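*Asks:* Submitted below is the structure of interest, expressed as structure tokens.
The values are calculated or read from the model by the stated rules, or taken from the named source; none is laboratory data. All figures in this text were calculated on a predicted structure; none of them were measured in a lab. Cβ: placed from backbone, ideal geometry, glycine included. Neighbour counts: every protein chain shown. Please note that ligands, DNA and RNA were not included when accessible areas were found on the heavy atoms of the full protein model with its side chains. Shrake-Rupley method; radii C 1.70, N 1.55, O 1.52, S 1.80 Å.
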Amino acid sequence: MGAAEKLVQWDPTDIKAELIKKYPPKVARKRAKQIMINEALENGTPEITANVRTIPGIITMRGCTYAGCKGVIMGPTRDIVNLVHGPIGCSFYAWLTRRNQTDPGPEGPDGENFMNYCFSTDMQDQDIIFGGEKKLATAIQEAYDLFHPKSIAIFATCPVGLIGDDIHTVSRQMKEKFGDCNVYAFSCEGYKGVSQSAGHHIANNQVFRHIVGENDEPVEGKYKINLLGEYNIGGDGFEIDRVFKKCGITNISTFSGNSTYEQFATAHQADLNAVMCHRSINYVADMLETKFGIPWIKVNFIGAEATAKSLRKIAAYFEDQKLIDKVEAVIAEEMPEVDAAAKDAQDRTKGKTAMMFVGGSRAHHYQELFNELGMKTISAGYEFAHRDDYEGRRVLPFIKLDADSRNIEELEVEADPERYSPRKTEEALKTLEEKGLKFKDYEGLAPDMEDGTLVIDDLNQYEAEKLVELMKPDIFCAGIKEKFSIQKLGVPMKQLHSYDSGGPYAGFKGAINFYKEIDRLVSSKVWSYMKAPWQDNPQLSGTFVWE
Amino acid sequence: MLLRHTPKEISERKALTINPAKTCQPIGAMYAALGIHGCLPHSHGSQGCCAYHRSTLTRHYKEPISAGTSSFTEGASVFGGQANLTQAFNNIFTVYNPDIVAVHTTCLSETIGDDLPQIRKKAITEGKIPEGKYVIGASTPSYVGSHVTGFSNMVKAMTELAEPTGKKNGKVNLIPGWVEPCDMEELKRISKLMGVSTIMFPDTSGVLNSPLTGEYKMFPAGGTTIAELQSTADSTGTLALGEWCSADAARQLDKKYKVPCTVLDMPFGLKATDRFIEALRTLAGVNVPEEIMTERGQLVDLISDMHQYFYNKKVALAGDPDQLIAMTEFLVSIDMCPVHIITGTPGKKFEKRIKEITADMPYEVNVKAKGDFFLLHQWMKNEPVDLLISNTYGKYIARDEDVPFIRWGFPILDRQGHQYFPTVGYKGGLRLLEKILTVLLDRKDRDDPETKFELVL
Ligand code: SF4
Ligand code: SF4
């Protein structure tokens, strides 16, 4: 069956109706607002409801605040001891499961790396009854005595918030006691907020409050940037760093893939922040600008074209012909191999369709890679985005704060009296903007998707299955929980949170990997084996006689 | 070195767990609940726990794991989760239409003191549970016990469905404990060969090793049916495999319905399987068939053929109590030397059992319940071993210490086969030995000098 044939079979309004048909009325009403038929309207996109509570009993793809804080943001930093205060499970499940790779680099094989370890206070019932502060203090002491790390981070899980353990005071006291180890805590109990998103915010706040700006020792380099919202899953960050290096761009700190404590501590010395996953890290970008005067731009290193475009943006910002030329030279050098790989894959991928339901920006970024394969995204959405991730930053003033968002702390950040220095004058920024470089801006997913595609927030298992049945995409992208139910339907499923294997998919080399991977998935013979030969023709029409 | 910061010197830790050899109760409850036909497990708490448990089970079984959650946010955490759970029931029965929902608590709902039985009762009396549908519940706070405890609690909760009719059904209840779907299949095969008719619960075979056909079934064909669970009160007796995983449920049936129970070790290895067969034989009053005798003889044959490679080899083990007890006994019975053994699940009984099993060994075994992989690693640094057997997390230690490694237990995240090839029974014993031999002989082939590299081993 050709792709074109499939596309004419459905109408987005019917699909939407089909998705919510089975729900109780209240649920149907709520879900209807989170399912948007994309129309390219004159003044922007239609409105979608996002960042609202998950409906109890509806099998959601979402995780919790703790997962966003410890799992996503703090997990990839190698030399911080991440100690989870709570019963054992939460720490266990976040133990090496996100495929964040790390490379101690110049520190050599003996460099500090605590990422392979899982630390927990393993609270017992007496700790829940009598409080766990003492146990926490002892655990911090034991971690310090064993490892002498630069820094220990404490994470609170659900029961800790409920019994009222004051993890911040314990951390401060231990920090004072040690003198040479920065100890701080994250109140990232799972029940706060409606998804991982709250945890990102909490992580951003504490990293900014406790680490960023701690080290003023100058960092060498001509074009200094930070890369925000890149987590080095499957080695994505390695590839981006390779390209930066080739261009002569100094990446002071990645938040937080393949990162170290020192990198965060010196991040305020960058001249530009390049933001990849906006959802998970935008708070740090804004705070770095307010406090230190570093502007930020949105970039995307997923897709070869996107990578080239992002490099050009960075070069344009520095307004140095040498860098601009170098970036062009690098792109020219890298692209032939990419083009050849895309061309090869396109024979099999062109005209095929994809669906993507991932995190807070990957469902957007990866569309670029699929475009390069000649594949169309017919439906996409996020697990824990906010409206601006769909509709663009211009809707920020119109987003109403609800109780769940209100209980996440907003840091009051002011310009640093000594260290604030605007990297560009107002005029310079304006001139750059006129040339097309947009600061503090992004358009969101919806404008990039075609008319009549379906944009769905907080997709759940039931809708995923229905969507696949009705629209029969050639590939579906989501996380591990969704993988096998989709594949049972005979549709290949590619994990894009933590990948299932493989990567990197970022940058030029990553694009090549991705083309090969998608080609493999959509071309695999296995999908043709669902039916046994005799099932096509169940009635025996003749008899065989052995003679 | 991946675990380069682990020092050889062992210092006492009072509060810090490093690299745990256990996880939390609800994941065990979720796995057990999947062994009921038409059952949707439901996690009463915030959705993060549920997401983690589903992810980890998915990674291990490579199958879809469906489960609902009460999706607590701050409000529910303050005011209690009753409204969320009642709403969840309504949505679940409308959208997914399971035969039964198996609810378990999490740290959150336990800490705020949600009274699960009361919420459930209220939902039933208020007609929130549709006619002909069932809800069972287990309390599974993670600050008590481990994933094993959670499994046991949910299996015990299954006995709530038991309904004595006063007429015996002539069957034996078989509680397999936390083993793989294929192990449950194998136990059923053995029982059938023995001519014993059983009700096995939970039974994840057919649920967590279902075929790829182009069709997705949220409730696959396998699993113990509700009718079977109801009938457990009429059985001749119960065989519970594993003190930690299965005994509570069996004792409950004994206490409430006078179904006599026998608690056995999980049938891993020769001796534990012998005892299992013996128990089936006496319970049902049958003779052991020739096929079983052949399988047993084959296992003994392999042990004798390859004894030279097992003899006196030192082994380190990490895992869950029921599995470790049987495995330790197996290793001892083939003249291997289990020297370091840890489980994360608390229980002094475990240490005692291991000491008994290894009492005749000419050395003192290191054994610890409430241990962790960090301690195991330190022990291994102090007294190196020839083989490590544990879940996937052991691979970091195995690589650092250059020790042959077998994945066995839960979770296995990086290999296949555990869902399909059983390790229980005599045939399972054959497979375990094959795995042990393969890694030991692969190592020999790698390390022997060229003069010693030989075709025939
Ligand atoms: S909060 Fe409790 S139940 Fe949830 S994952 Fe953590 S330990 Fe397990
Ligand atoms: S891309 Fe998605 S999953 Fe990854 S950090 Fe951003 S929001 Fe999270």
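*Asks:* Return the residues of the range A:67-92 that are facing another protein chain (nearest Cβ under 7 Å) and either over 14 Å from A:SER120 (Cα atoms) or among the acidic types (Asp, Glu) (or both); say none if nothing qualifies.
*Replies:* Answer for the range A:67-92, where residues must be facing another protein chain (nearest Cβ under 7 Å) and either over 14 Å from A:SER120 (Cα atoms) or among the acidic types (Asp, Glu) (or both): just A:ALA67.
*Asks:* All but one of (1) touching a residue at least 24 places away in the same chain (Cβ under 8 Å); (2) within 16 Å of ligand 2 (Cβ to nearest atom); (3) open to solvent by less than 10 Å² (accessible area, probe 1.4 Å) hold for B:GLY48, so report the exception by its number.
*Replies:* Of (1) touching a residue at least 24 places away in the same chain (Cβ under 8 Å); (2) within 16 Å of ligand 2 (Cβ to nearest atom); (3) open to solvent by less than 10 Å² (accessible area, probe 1.4 Å), only one is false for B:GLY48: (1).
*Asks:* Is it the case, given these coordinates, that B:THR69 is at the interface with another protein chain (Cβ under 9 Å from one of its Cβ atoms) and without any contact (Cβ under 8 Å) to a residue 40 or more places away in the chain?
*Replies:* yes
*Asks:* A further question follows. Of (1) away from ligand 2 (no atom under 16 Å from the Cβ); (2) assigned to a helix (DSSP H, G or I); (3) open to solvent by less than 10 Å² (accessible area, probe 1.4 Å); (4) in contact with a strand residue (DSSP E or B) (Cβ under 9 Å, 6 or more places away or on another chain), A:GLY237 satisfies all except one. Which?
*Replies:* Result: A:GLY237 fails condition (1) only.
*Asks:* Sticking with this one: Could you please find all residues in the range A:420-465 being farther than 30 Å from A:SER485 by Cα and among the charged types (D, E, K, R)?
*Replies:* Scanning the range A:420-465 gives A:ARG423, A:LYS424, A:GLU426, A:GLU427, A:LYS430, A:GLU433, A:GLU434, A:LYS435, A:LYS438, A:LYS440, A:ASP441, A:GLU443.
*Asks:* Picking from B:ALA33, B:ALA67, B:ALA83, which residue would you name as being open to solvent by 10 Å² or more (accessible area, probe 1.4 Å), over 30 Å from B:PHE374 (Cα atoms) and of a type in the set (A, V, I, L, M)? Reasoning before the result, please.
*Replies:* Values: B:ALA33 fails: open to solvent by 10 Å² or more (accessible area, probe 1.4 Å); B:ALA67 fails: open to solvent by 10 Å² or more (accessible area, probe 1.4 Å).
Just one listed residue meets the conditions, B:ALA83.
*Asks:* Residue check, A:VAL212 against (1) in a helix (DSSP H, G or I); (2) more than 28 Å from B:THR73 (Cα to Cα), all met but one. Which one?
*Replies:* Going through (1) in a helix (DSSP H, G or I); (2) more than 28 Å from B:THR73 (Cα to Cα) one by one, A:VAL212 breaks only (1).
*Asks:* Starting from residues that are of a type outside the set (Gly, Ala, Ser), under 22 Å from B:ALA233 (Cβ atoms) and open to solvent by 10 Å² or more (accessible area, probe 1.4 Å), keep the ones in the range B:137-159 and report whichever is farthest from ligand 2 (Cβ to nearest atom). If you could, list the steps in order and put the result at the bottom.
*Replies:* Residues of the range B:137-159 that are of a type outside the set (Gly, Ala, Ser), as a first pass: B:140-141, B:143-144, B:147-149, B:151, B:153-156, B:158-159.
Filter once more, keeping what is under 22 Å from B:ALA233 (Cβ atoms): B:151, B:153-156, B:158-159.
Within this subset, residues satisfying the condition of being open to solvent by 10 Å² or more (accessible area, probe 1.4 Å) are B:153, B:156.
On the way: B:ASN153: 33, B:LYS156: 38 Å.
In this case the residue turns out to be B:LYS156.
*Asks:* Restricting to the range A:443-467, name every residue that is more than 14 Å from every other protein chain (Cβ to nearest Cβ), of a type in the set (Asp, Glu) and surrounded by 19 or more Cβ atoms within 10 Å (Cβ to Cβ).
*Replies:* Selection gives A:ASP457 alone.
*Asks:* Given A:SER151, A:SER195, which one is within 12 Å of another protein chain (Cβ to nearest Cβ) and either surrounded by 21 or more Cβ atoms within 10 Å (Cβ to Cβ) or in contact with a strand residue (DSSP E or B) (Cβ under 9 Å, 6 or more places away or on another chain) (or both)? Show your work before the answer.
*Replies:* Values: A:SER151 fails: within 12 Å of another protein chain (Cβ to nearest Cβ).
Going through A:SER151, A:SER195 in turn, the sole match is A:SER195.
*Asks:* Looking only at the range A:269-292, filter to residues that are more than 16 Å from ligand 2 (Cβ to nearest atom) and open to solvent by less than 10 Å² (accessible area, probe 1.4 Å); which one of those is farthest from A:ILE331 (Cα to Cα)?
*Replies:* Of all residues in the range A:269-292, those more than 16 Å from ligand 2 (Cβ to nearest atom) come to A:269-272, A:286-292.
Subsequent filtering for residues that are open to solvent by less than 10 Å² (accessible area, probe 1.4 Å) retains A:270, A:272, A:288, A:292.
Values: A:ALA270: 24, A:LEU272: 21, A:LEU288: 29, A:PHE292: 31 Å.
Top of the filtered list is A:PHE292.
*Asks:* If you don't mind, there's one more thing I want to ask. Given the residues A:ASP388, A:ASP402, which is the only one that is away from ligand 1 (no atom under 16 Å from the Cβ), within 14 Å of chain B (Cβ to nearest Cβ) and at pLDDT below 95?
*Replies:* Details: A:ASP388 fails: within 14 Å of chain B (Cβ to nearest Cβ).
The unique qualifying residue is A:ASP402.
*Asks:* Which is touching a residue at least 60 places away in the same chain (Cβ under 8 Å) and on the phi > 0 side of the Ramachandran plot, of A:ASN82, A:ASN51? Please lay out each step first, then the result.
*Replies:* Numbers: A:ASN82 fails: on the phi > 0 side of the Ramachandran plot.
Result of the check over A:ASN82, A:ASN51: A:ASN51.
*Asks:* Just one of (1) more than 29 Å from B:THR56 (Cα to Cα); (2) exposed (fewer than 13 other Cβ atoms within 10 Å of the Cβ) trips up B:THR438, so point out which.
*Replies:* Condition (1) is where B:THR438 drops out.
*Asks:* Say whether the condition of being in contact (Cβ under 8 Å) with a residue 24 or more places away in the chain and farther than 28 Å from A:ALA198 by Cα is met by at least one residue in the range A:378-392. Before the answer, list the steps.
*Replies:* Taking the range A:378-392 and keeping what is in contact (Cβ under 8 Å) with a residue 24 or more places away in the chain, we get A:378-392.
Going one step further and asking which of them are farther than 28 Å from A:ALA198 by Cα, we end up with A:378.
Taking every residue of the range A:378-392 in turn, at least one turns out to be in contact (Cβ under 8 Å) with a residue 24 or more places away in the chain and farther than 28 Å from A:ALA198 by Cα.
*Asks:* Wholly within the range B:77-188, which strands (runs of 3 or more DSSP E) include no fewer than the required count, namely at least 1 residues that are within 16 Å of ligand 1 (Cβ to nearest atom) and touching a residue at least 40 places away in the same chain (Cβ under 8 Å)? Walk me through it before giving the result.
*Replies:* On the way: elements: B:100-105, B:134-138, B:172-175.
Those strands (runs of 3 or more DSSP E) span B:100-105, B:134-138.
*Asks:* Same structure again: Could you tell me how many of the residues in the range A:79-95 are away from ligand 1 (no atom under 16 Å from the Cβ) and within 18 Å of the chain's Cα centre (by Cα)? Please lay out each step first, then the result.
*Replies:* Kept after step one, since they are away from ligand 1 (no atom under 16 Å from the Cβ), are these residues of the range A:79-95: A:79-81.
Going one step further and asking which of them are within 18 Å of the chain's Cα centre (by Cα), we end up with none.
The qualifying residues number 0.
*Asks:* Please find, within the range B:401-435, the residue that is most open to solvent (accessible area, probe 1.4 Å) out of those that are part of a loop (DSSP other than H, G, I, E, B) and more than 17 Å from B:HIS60 (Cβ to Cβ). Show your work before the answer.
*Replies:* Residues of the range B:401-435 that are part of a loop (DSSP other than H, G, I, E, B), as a first pass: B:402-404, B:408-424.
Remaining after also requiring more than 17 Å from B:HIS60 (Cβ to Cβ): B:402-404, B:424.
On the way: B:ASP402: 79, B:VAL403: 13, B:PRO404: 14, B:VAL424: 1 Å².
Once the filter is applied, the top-ranked residue is B:ASP402.
*Asks:* Right, another one. Looking at the range B:55-76 only, could you name the residues that are outside any loop (DSSP other than H, G, I, E, B), closer than 17 Å to B:GLY45 by Cβ and under 26 Å from the mean Cα position of the chain (by Cα)? Give the derivation first.
*Replies:* Of all residues in the range B:55-76, those outside any loop (DSSP other than H, G, I, E, B) come to B:55-61, B:68-69, B:74-76.
This time we only want the ones that are closer than 17 Å to B:GLY45 by Cβ, so: B:55-57, B:68-69, B:74-76.
Answer for the range B:55-76, where residues must be outside any loop (DSSP other than H, G, I, E, B), closer than 17 Å to B:GLY45 by Cβ and under 26 Å from the mean Cα position of the chain (by Cα): B:SER55, B:THR56, B:LEU57, B:GLY68, B:THR69.
*Asks:* Checking the conditions here, which among B:THR86, B:THR58, B:THR73, B:THR69 is polar (S, T, N, Q) and farther than 23 Å from B:GLY113 by Cβ?
*Replies:* Working: B:THR86 fails: farther than 23 Å from B:GLY113 by Cβ; B:THR73 fails: farther than 23 Å from B:GLY113 by Cβ; B:THR69 fails: farther than 23 Å from B:GLY113 by Cβ.
Exactly one residue qualifies, and that residue is B:THR58.
*Asks:* State all residues of the range B:184-206 that are more than 19 Å from B:ALA247 (Cα to Cα) and among the β-branched types (Val, Ile, Thr); if no residue qualifies, say none.
*Replies:* B:ILE190, B:VAL196
*Asks:* Within the range A:468-483, take every residue that is open to solvent by less than 30 Å² (accessible area, probe 1.4 Å) and among the hydrophobic types (A, V, I, L, M, F, W, C) and give me the one that is nearest to the other protein chains (Cβ to nearest Cβ).
*Replies:* A:ILE480
*Asks:* Does the range A:171-192 hold any residues that are open to solvent by 10 Å² or more (accessible area, probe 1.4 Å), among the hydrophobic types (A, V, I, L, M, F, W, C) and under 18 Å from A:GLY132 (Cβ atoms), and which are they?
*Replies:* Passing the criteria: only A:MET174.
*Asks:* Which pairs have Cβ atoms under 9 Å, sit 6 or more apart or on different chains, and link a residue in the range A:104-118 that is at the interface with another protein chain (Cβ under 9 Å from one of its Cβ atoms) to one that is surrounded by fewer than 19 Cβ atoms within 10 Å (Cβ to Cβ) and of a type in the set (Lys, Arg)?
*Replies:* Cβ pairs passing all conditions: A:PRO109/B:ARG4; A:ASP110/B:ARG4; A:GLY111/B:ARG4; A:GLU112/A:LYS150; A:GLU112/B:ARG4; A:ASN113/B:ARG4; A:ASN116/B:ARG4.
*Asks:* Starting from residues that are open to solvent by 10 Å² or more (accessible area, probe 1.4 Å) and within 16 Å of ligand 2 (Cβ to nearest atom), keep the ones in the range A:72-95 and report whichever is nearest to A:ALA403 (Cα to Cα).
*Replies:* Among residues in the range A:72-95 that are open to solvent by 10 Å² or more (accessible area, probe 1.4 Å) and within 16 Å of ligand 2 (Cβ to nearest atom), the one nearest to A:ALA403 (Cα to Cα) is A:VAL72.
*Asks:* Would you call B:SER210 in contact with a strand residue (DSSP E or B) (Cβ under 7 Å, 6 or more places away or on another chain), more than 21 Å from B:LYS256 (Cα to Cα) and either within 14 Å of another protein chain (Cβ to nearest Cβ) or not acidic (Asp, Glu) (or both)? Please lay out each step first, then the result.
*Replies:* On the way: in contact with a strand residue (DSSP E or B) (Cβ under 7 Å, 6 or more places away or on another chain): no; more than 21 Å from B:LYS256 (Cα to Cα): yes; either within 14 Å of another protein chain (Cβ to nearest Cβ) or not acidic (Asp, Glu) (or both): yes.
The answer is no for B:SER210.
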